[in-house]
Each structure stands twice: as structure tokens, then as C-alpha cells.
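Below is one structure; the comments refer to it alone.
What follows draws every value from the coordinates through simple rules; no lab data is involved. Only a predicted model underlies this, so the values are computations on that prediction, with no experimental measurement involved. Positions of Cβ are generated from backbone atoms using ideal geometry, with glycine treated the same way; all protein chains shown enter the neighbour counts.
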Amino acid sequence: MMQYKHERAPFLEVQVRDIWETGKLVMHDIERLKLWEENTFSFAMELAAEANELVKKDKDAYGGKKKPLLHAISNRMNEMGFYRPEAYIRPDPLKHLIKREIHDDDD
């Protein structure tokens, strides 16, 4: 019988929750993207145009938790090679923090 356990790390959970809930990750990503651009005004206009295009393509997808501007920023970060969920939405925010046990019986 093999057992795998993933124990909780409360301090890290608080840090991760703080980053996601306060928007620090989004702010950090915006600053990182701005550093790559020569003109921050044109960068903001490009992001707004991309967000408008996303809304035109699928009007029903946006409005609740999913914001087109956040979707545009997450797309840019994914293109740069940093994984970000679509529009910074996590379907189950505590899923990766729950203790998991996997039992493998070789009977």
C-alpha cells in the first residue's frame, strides 16, 4: 500500500490567499508588462483595444467575475511564458491547499 500525503502549510496559504485576493499579482504583472513597453500610454490603449475585441467576440462570457481587461493582461503574461489562469479566475481557490491522500492497493 502506497500513501502520498500533501500537508498544509498555513503560513504559505495565507500568503497565497493575500496575493490573489488583494490583486497584488495583477499589479505585479501590469508593472512587469509596462517595463517591456517604451510608451505606457500606447500600452494601456493596446490593452483596452484587446479587451474591447474580447468583448465583441463573446459578450456573454464577460460581466460577472470575468473581466475583459484582466483577460487581456493574462493573455499577455501567458505569451511571455508566465502561466496565469484566464482572466485571473481560479475555479476552486482552495483545491490545491486541501490535504490529499492517495491509496494504491496492490492486492
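Below 15 angstrom from the Cβ of Phe82, what's the summed charge of the other residues (Lys, Arg +1; Asp, Glu -1)?
Net local charge, Phe82 excluded: +1.
How about the stretch 26-85: which chymotrypsin sites (Phe, Trp or Tyr not before Pro) there lie in a loop by DSSP and see at most 13 other Cβ atoms within 10 Å?
Loop-located and lightly packed - Phe82, Tyr83.
Amide H of Arg84 versus every other amide H placed in the peptide plane: which residues, excluding those fewer than 5 positions away on the same chain, fall under 5 Å?
Asn78
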